Amino acid sequence: MTTALRQTGIEPVGEMPWGTHFCHFYETKDDLLETLLPFFKAGLEANEFCAWVVSEPLNEAEVWQALGRAVPDFDRYVSSHSIEVLNARDVYLAGGEIDLHRIIGNWSAKLEGALSRGYEGIRVTGNTAWLEQKQWRDFMEYEGELNRGISDQPMLVLCTYPLTTSGATEFLDVAGTHQFAIAKRRGRWEVVETPQLTQAKAEIARLNRELEQRVLERTTQLEAAIVDQRQAWSDLQETQKALAHVTRLTTISELTASLAHQVNQPLTAIVANATASLRWLDRTPPAIHEATDAMRCVIRDAERAGNVIAHTRELVKKSDGDKCLVSVDQMIREVLSFVRPELARHQVVVEEALAEDLVPVLADRIQLQQLVLNLIMNGIDAMSEVAARPRRLVVSCERGQRDSGAGVLVAVQDAGIGAHDLEKLFEPFFTTKRDGLGMGLSIARSIAQDHGGRLWARRNADHGLTLYLLLPEASDPRV
């Protein structure tokens, strides 16, 4: 049964849990109505089935009229049969005697019917002004059984007793068969608690103190755990950065032959042009114009070699984690220029489809270069054993659509041998290369996720795979 509190509508009582059985000692008819009308108004508005068992000084017609005045839109509750008004003698004295098993059985049946119709529970009140002295003992036995029986049921029961016929003995009997009693005398509310209720409140207070202490201790433990977790997260990020740096160095080492070729070409040209310049200057008279042209070629080739070295240093150095606006198409062209000799060495033809009007992305430039370099190197490796068809690598970028807004979509399509399990490609240390680390695509996906993006693979219709990278535009508020 739910432990949610129910609003009683009675000022000194407030909210009470299901299973509450209490009584009200009243002086006048108005006193009775002032208590019971808000009690039933609160029940109807809380989707509870309501039953009002009426006895003098009220009759059924008066109760219906009073409810109609007190409860907004009361006709709706009447038409849906959410409330019924019953005669006390019909409820308690059917058959001419008080049969507690019959009465409690009837309440159980009403509760079952109410729950089956979608009500939260039932709310009941019964007036006892009809009771005669000879029936008192049997009725108190019924009240005691009801008090014990509804403790775990979705029921609220309020019994009403007239003060004019309640002496000290009757008052003690009633208090002993209810959880507590309320009375309004001369305009003032009084609440009388039974010893059991007083003891229960003390036990609840003790349990609350224990709970507060446990919450305090647990909060302290959680705060310490959060500090440890933050430190662990910081350590993990540093480890990931170090691993990414190692992977970059490994990739650069794989490109050593291409890098040597890129540097060797301009160096050879520098030597040739410098030698030619000396020969032009040794002539009589010196051929100044020709020597100048040769030296211009020396300067041009020196700049070419310097650019190769600078680009290599940029890829090798550690990322500082700072993000800036990056033009994706321009960055891809730089990476392709860097790996052009490697593409030629593996006889890979590159097709570029790079849109130029893309919104920049906010990214760590070094990490993004590494990501794209890993995708291209993966495509080159995937086609290393292809001989029966052209080794074609298609690199494209365009505006894409994310679940939360626009983005930049990068695609690298190879014509390789493909893969059986696409998700396994992104697992750490998974590789099909004999001497590979198996970290390239795993780190690439981590970089993509750190930038709020996604990296995934799809099989091509004919041969190979396409790796897709989707990054949020810098204007996306979720970047």
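The values are calculated or read from the model by the stated rules, or taken from the named source; none is laboratory data. This is a predicted model, so every value here is computed, not measured. As a convention, Cβ positions derive from the backbone with ideal geometry for all residues, glycine included, and neighbour counts pool all protein chains shown.
Residues considered: 129, 94, 114. Of these, the only one that is modelled with pLDDT of 95 or more and either in the same structural domain as residue 62 (by TED's automatic domain parsing) or surrounded by fewer than 17 Cβ atoms within 10 Å (Cβ to Cβ) (or both) is 114. State yes or no: is residue 9 within 40 Å of the chain's Cα centre (by Cα), in a loop (DSSP other than H, G, I, E, B) and in the same structural domain as residue 56 (by TED's automatic domain parsing)? For residue 9, the condition - within 40 Å of the chain's Cα centre (by Cα), in a loop (DSSP other than H, G, I, E, B) and in the same structural domain as residue 56 (by TED's automatic domain parsing) - is met. In region 378-399, of all residues being over 37 Å from the mean Cα position of the chain (by Cα) and of a type in the set (A, V, I, L, M, F, W, C), the one that is farthest from residue 447 (Cα to Cα) corresponds to 388.
Find the residue count for region 355-403, including only residues that are part of a strand (DSSP E or B), under 17 Å from residue 415 (Cα atoms) and not charged (D, E, K, R). Spell out the reasoning first.
Filtering region 355-403 for residues part of a strand (DSSP E or B) gives 361-363, 392-402.
Imposing the further condition that a residue be under 17 Å from residue 415 (Cα atoms) reduces the set to 392-396.
Those left that are additionally not charged (D, E, K, R): 393-396.
Total satisfying the criteria: 4.
The single condition among (1) charged (D, E, K, R); (2) at pLDDT 80 or above; (3) assigned to a loop (DSSP other than H, G, I, E, B) that residue 352 does not meet is (3). Taking the numbered list (1) modelled with pLDDT of 95 or more; (2) outside any helix (DSSP H, G or I) in turn, residue 42 passes all entries but (2). The condition of being in contact (Cβ under 8 Å) with a residue 24 or more places away in the chain and not polar (S, T, N, Q) holds for only one of 81, 24, that being 24. Consider region 447-479 and keep the residues that are within 11 Å of residue 368 (Cα to Cα) and part of a helix (DSSP H, G or I). The one that is modelled with the highest pLDDT is 448. Of all residues in region 152-197 being hydroxyl-bearing (Ser, Thr, Tyr) and at pLDDT below 85, which is farthest from residue 58 (Cα to Cα)? Across region 152-197, the extreme among qualifying residues is 194.
Based on this model, can you work out whether residue 406 counts as in a strand (DSSP E or B) and either modelled with pLDDT of 75 or more or touching a Gly at 6+ places or on another chain (Cβ under 7 Å) (or both)?
Details: in a strand (DSSP E or B): yes; either modelled with pLDDT of 75 or more or touching a Gly at 6+ places or on another chain (Cβ under 7 Å) (or both): no.
Here the answer is no, as residue 406 does not meet what is asked.
Residues are listed down the side, and each one gets a yes or a no for (1) out of contact with any strand residue (DSSP E or B) (no Cβ under 7 Å at 6 or more places or on another chain); (2) free of Cβ contacts under 8 Å to residues at least 60 places away in the same chain; (3) under 22 Å from residue 111 (Cα atoms):
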site	(1), (2), (3)
5	no, yes, yes
12	no, no, no
28	yes, yes, no
32	no, no, no
36	no, no, yes
44	no, yes, yes
47	yes, no, yes
61	yes, yes, no
66	yes, yes, no
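Please find, among 260, 310, 291, 272, the residue that is small (Gly, Ala, Ser), part of a helix (DSSP H, G or I) and at pLDDT 75 or above.
291
Which one is surrounded by the fewest Cβ atoms within 10 Å (Cβ to Cβ) among residues in region 334-354 that are under 15 Å from residue 397 (Cβ atoms), acidic (Asp, Glu) and touching a Leu at 6+ places or on another chain (Cβ under 8 Å)? The extreme case among them is 351.
For the structure I just gave you, tell me whether residue 50 is under 20 Å from residue 162 (Cα atoms) and buried (at least 17 other Cβ atoms within 10 Å of the Cβ).
Numbers: under 20 Å from residue 162 (Cα atoms): no; buried (at least 17 other Cβ atoms within 10 Å of the Cβ): yes.
No, not satisfied.
From the set of residues in region 409-446 that are basic (Lys, Arg) and surrounded by fewer than 19 Cβ atoms within 10 Å (Cβ to Cβ), which is modelled with the highest pLDDT? The qualifying residue modelled with the highest pLDDT is 424.
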